[in-house]
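Please read the structure below before turning to the comments.
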Protein chains: 2
Amino acid sequence: MVILLSLFLIMPHQSLIHSIEQILPLTPGQKAILKEAFHTAEVKKKEVLLKEGEITKYSYFVVEGLLRMYATDDNGFDHNIQFAINGWWMSDMLSLLNQTPASFNIEAIEDSRLLTISQPGKESLLQTIPGLNIYFRQLSENALAAYQQRFAINLSLTAQERYGKLCERYPLLIQRLPQKHIASYIGVTPEFLSKMLNRPFNSK
Amino acid sequence: MVILLSLFLIMPHQSLIHSIEQILPLTPGQKAILKEAFHTAEVKKKEVLLKEGEITKYSYFVVEGLLRMYATDDNGFDHNIQFAINGWWMSDMLSLLNQTPASFNIEAIEDSRLLTISQPGKESLLQTIPGLNIYFRQLSENALAAYQQRFAINLSLTAQERYGKLCERYPLLIQRLPQKHIASYIGVTPEFLSKMLNRPFNSK
DNA sequence: GAAAGCAGTTAATCCAGGTTAAGTGTAACT
DNA sequence: AGTTACACTTAACCTGGATTAACTGCTTTC
């Protein structure tokens, strides 16, 4: 594990290749193609990767770091739609697929190292290595499964319970997230989350 | 359009083939394989296709009709996660992919004609016709885009606005849905939706 | 064609969570 | 070192939507 991490520092593409090889084997030639297709990017904390209204150019794969994607409402409040840590993908899918203006913003919560690929780049990559359709299919299917579960949680549980589920499912993530971003993700105000967490005995 | 509909009555697989051919061409041989791989099913209104706790066996493709997928909370209330009409797919993805007990129920709201395929069936079909990975990838990616958008809506808008968005996006669907199912989908009680819709001037 | 259900309505009361505002602690820039 | 800025807390008050319950049609069923 430590060895893998330090590998990614020198060769960030290894992180992606590792992710893909969980699902399908890659030949050395294919690995070389992948390294060509993806560009590396380093972003600082608070740096913005995508602004609402722009046309999404890239899909992002997080090698190291932490991103958030959020929508801004009419009153200027943020609502976190998704986070992405090491090994996760992030993109405004609607804007990416249809090349329409994004409804979301993407921002780095921590300094992050990313791999990026443009939508045309991804499409031609899929032509060159059709096997990657399997990888991306499974990726989307798993994400879909997670979204369905999260919808059930949001529709049927109280804020307290939603918080509990989040801690259960992503214990490492919450430790890296400022409280206000957790609040925004589970759909309450930072004030209410604070009150909730400091309730006597944290009862109920 | 009318011609297509009547075709589906006699040959329900045409509906699926039509859906796939929007994305990739199929040879006559492949079409024959598809017809073998999918089984037809007819279900009556209120018939249950999947019960919470069961292991999901099938993915469902709706040829004609209307399904809903819902979670039941600790107090016995339903929460609609998704609907599916003609040409849409439906499944509890987590249960299907991991072969774990389902957290959702699937039920017919109208008499429906379906195509079903088991998970092993789908996997061997993908081996036989690898091109279908493209179809299923795009299917999941589009569904993902829709879920992201819906999350933004649910986190940032009021019930009134959520209702408005639903009408905007799926005007045909709401006409076929009993009000209580709309309420459950947008995350309010039937009582509140009724009050909301009958507010003087439907103001605000 | 009575009876039983079920979908929708109305209204009174209640509460989870929002809003506003002021305060504290700590990290970050000069 | 001092100031700014932001994360978090606390508390008073407010409100969108829940809960309960009673009532009004419609269907469905026998």
> Which residue out of B:65, B:87 is under 16 Å from residue B:172 (Cβ atoms), open to solvent by less than 40 Å² (accessible area, probe 1.4 Å) and touching a residue at least 60 places away in the same chain (Cβ under 8 Å)?
Replying inline: B:87
> If we keep just the residues of segment A:90-113 that are small (Gly, Ala, Ser) and away from DNA strand D (no atom under 14 Å from the Cβ), which is most open to solvent (accessible area, probe 1.4 Å)?
Replying inline: A:103
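What about residue B:132, is it more than 11 Å from DNA strand C (Cβ to nearest atom), out of contact with any His (no Cβ under 9 Å at 6 or more places or on another chain) and more than 27 Å from residue A:102 (Cβ to Cβ)?
Numbers: more than 11 Å from DNA strand C (Cβ to nearest atom): yes; out of contact with any His (no Cβ under 9 Å at 6 or more places or on another chain): yes; more than 27 Å from residue A:102 (Cβ to Cβ): yes.
For residue B:132, the condition - more than 11 Å from DNA strand C (Cβ to nearest atom), out of contact with any His (no Cβ under 9 Å at 6 or more places or on another chain) and more than 27 Å from residue A:102 (Cβ to Cβ) - is met.
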> If you go through segment A:151-177, how many residues are assigned to a loop (DSSP other than H, G, I, E, B) and within 11 Å of DNA strand C (Cβ to nearest atom)?
Replying inline: 2
>> Given the criteria away from DNA strand C (no atom under 16 Å from the Cβ) and either away from chain B (no Cβ under 14 Å) or closer than 30 Å to residue A:36 by Cβ (or both), does residue A:109 qualify?
In response: no
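How many residues are facing chain A (nearest Cβ under 7 Å) and either assigned to a strand (DSSP E or B) or open to solvent by 30 Å² or more (accessible area, probe 1.4 Å) (or both) if we restrict to segment B:114-141?
2
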> On the given criteria, is residue B:80 at pLDDT 95 or above, within 16 Å of DNA strand D (Cβ to nearest atom) and either more than 9 Å from every other protein chain (Cβ to nearest Cβ) or not in a strand (DSSP E or B) (or both)?
Replying inline: no
> What about residue B:194, is it surrounded by 20 or more Cβ atoms within 10 Å (Cβ to Cβ), within 16 Å of DNA strand C (Cβ to nearest atom) and more than 30 Å from residue B:16 (Cα to Cα)?
Replying inline: no
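Check B:53, B:87 and return the single one that is over 12 Å from the mean Cα position of the chain (by Cα) and part of a loop (DSSP other than H, G, I, E, B).
Selected residue: B:53, the only one of B:53, B:87 that is over 12 Å from the mean Cα position of the chain (by Cα) and part of a loop (DSSP other than H, G, I, E, B).
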>> If a residue must be in contact with a strand residue (DSSP E or B) (Cβ under 7 Å, 6 or more places away or on another chain) and not small (Gly, Ala, Ser), how many such residues does segment A:178-195 contain?
In response: 2
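Okay, residues lined up against (1) surrounded by fewer than 17 Cβ atoms within 10 Å (Cβ to Cβ); (2) touching a residue at least 60 places away in the same chain (Cβ under 8 Å):
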residue: B:33; (1), (2): yes, yes
residue: B:38; (1), (2): no, yes
residue: B:50; (1), (2): no, no
residue: B:61; (1), (2): no, no
residue: B:69; (1), (2): no, no
residue: B:79; (1), (2): no, yes
> Which one is farthest from DNA strand D (Cβ to nearest atom), of the residues in segment B:150-204 that are touching a residue at least 40 places away in the same chain (Cβ under 8 Å) and within 14 Å of chain A (Cβ to nearest Cβ)?
Replying inline: B:181
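The values are calculated or read from the model by the stated rules, or taken from the named source; none is laboratory data. Computed from a predicted model, the values in this text were never measured in an experiment. In this analysis, Cβ positions are derived from the backbone assuming ideal geometry, glycine residues included, and neighbour counts consider all displayed protein chains. These area figures cover heavy atoms from the full protein model, side chains too; ligands, DNA and RNA do not enter into them. Shrake-Rupley method; radii C 1.70, N 1.55, O 1.52, S 1.80 Å.
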